[in-house]
1. Inspect segment 31-48 for any residue being open to solvent by less than 20 Å² (accessible area, probe 1.4 Å) and among the polar types (S, T, N, Q) and give the result as yes or no.
2. I need the full set of residues from segment 80-96 which are open to solvent by less than 40 Å² (accessible area, probe 1.4 Å) and basic (Lys, Arg), in order please.
3. Among the residues of segment 166-182 satisfying the criterion of being part of a loop (DSSP other than H, G, I, E, B), within 22 Å of residue 79 (Cβ to Cβ) and free of Cβ contacts under 8 Å to residues at least 24 places away in the same chain, which is most open to solvent (accessible area, probe 1.4 Å)?
Amino acid sequence: MDRKQVRIHESAYVSDAAIIGAHSSVWNNSQIREGVQIGQNCILGKDVYVDFDVEIGDNVKIQNGALVYHGTKIESGVFVGPGVIFTNDKKPRAINPDGSLKLADDWTVGSVLVRFGASIGAGAVIVTGVTIGRFAMVGAGAVVTKDVPDHGLVVGNPGKLVGYVCSCGERAENKGSGTWYCQDCNENIVISSK
């Protein structure tokens, strides 16, 4: 892969089997493992860890100290705050019931999907098995254990849906009949009840 248009800090470790798109940056002490696919114009801050086979779209910002484990897919335009952790095992154990060390074949990897334009605040933990919807926002320190709908605003531990946000990030006002309105940019958001 031609990395002439990619900025990789000299202290970062990037596997030769990782693909990184043009104009992306990988900063100090970050580690990008084999099979990772990172799109164009991405910024991965200091001390970011991206586990093997993770997929990251274009125009993604991953802030310092975030941990993106195997089984995670991040679509384009996503913001990941500092210290965010994406998990991949709901029943983590170091050993099997017989006391033997667990190996790669002794568990099933979970998955997390972060949809286009979503934002995840600093220190949030995303538990495996969830989807975070388009333009959703997860508050700092939240522990997300359930799916977050498009434009959903989730805060707390466990994460609780407390409203909806506009594409610009401002909190939207409920106008009834599934319509939410942003006074900041005049966007109407239609929220379907599934």
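The values are calculated or read from the model by the stated rules, or taken from the named source; none is laboratory data. Bear in mind that the values here come from a model prediction, so they are computed numbers and not experimental data. Ideal geometry is used to build each Cβ from the backbone, glycine not excepted, and the neighbour counts take in all protein chains shown. With ligands, DNA and RNA removed, areas are computed over all heavy atoms of the protein, side chains included. Shrake-Rupley method; radii C 1.70, N 1.55, O 1.52, S 1.80 Å.
1. Taking segment 31-48 as the starting set, the residues that turn out to be open to solvent by less than 20 Å² (accessible area, probe 1.4 Å) are 32, 36, 38-39, 42, 44-45, 48.
Now narrow it down to the ones that are among the polar types (S, T, N, Q): none.
Taking every residue of segment 31-48 in turn, none turns out to be open to solvent by less than 20 Å² (accessible area, probe 1.4 Å) and among the polar types (S, T, N, Q).
2. First pass over segment 80-96, keeping only residues open to solvent by less than 40 Å² (accessible area, probe 1.4 Å): 80-81, 83-84, 86-88, 96.
If the condition is that a residue be open to solvent by less than 40 Å² (accessible area, probe 1.4 Å) and basic (Lys, Arg), then no residue fits.
3. Within segment 166-182, the subset part of a loop (DSSP other than H, G, I, E, B) is 166-170, 172, 177-178, 182.
So of that shortlist, the ones also within 22 Å of residue 79 (Cβ to Cβ) come out as 166-170, 172, 182.
Then keep just the ones that are free of Cβ contacts under 8 Å to residues at least 24 places away in the same chain; that gives 168, 170, 172, 182.
On the way: 168: 72, 170: 89, 172: 12, 182: 0 Å².
It comes out as 170.
Rundown of residues vs (1) exposed (fewer than 14 other Cβ atoms within 10 Å of the Cβ); (2) in a loop (DSSP other than H, G, I, E, B); (3) out of contact with any Gly (no Cβ under 7 Å at 6 or more places or on another chain), yes/no style:
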site: 98; (1), (2), (3): yes, yes, yes
site: 110; (1), (2), (3): no, yes, no
site: 117; (1), (2), (3): no, yes, no
site: 150; (1), (2), (3): no, yes, no
site: 153; (1), (2), (3): no, no, no
site: 158; (1), (2), (3): yes, yes, yes
site: 164; (1), (2), (3): no, no, no
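So that you can scan it fast, the table gives a plain yes or no per residue for (1) farther than 18 Å from residue 138 by Cα; (2) of a type in the set (Gly, Ala, Ser):
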| residue | (1), (2) |
| --- | --- |
| 14 | yes, no |
| 54 | yes, no |
| 76 | no, yes |
| 90 | yes, no |
| 94 | yes, yes |
| 97 | yes, no |
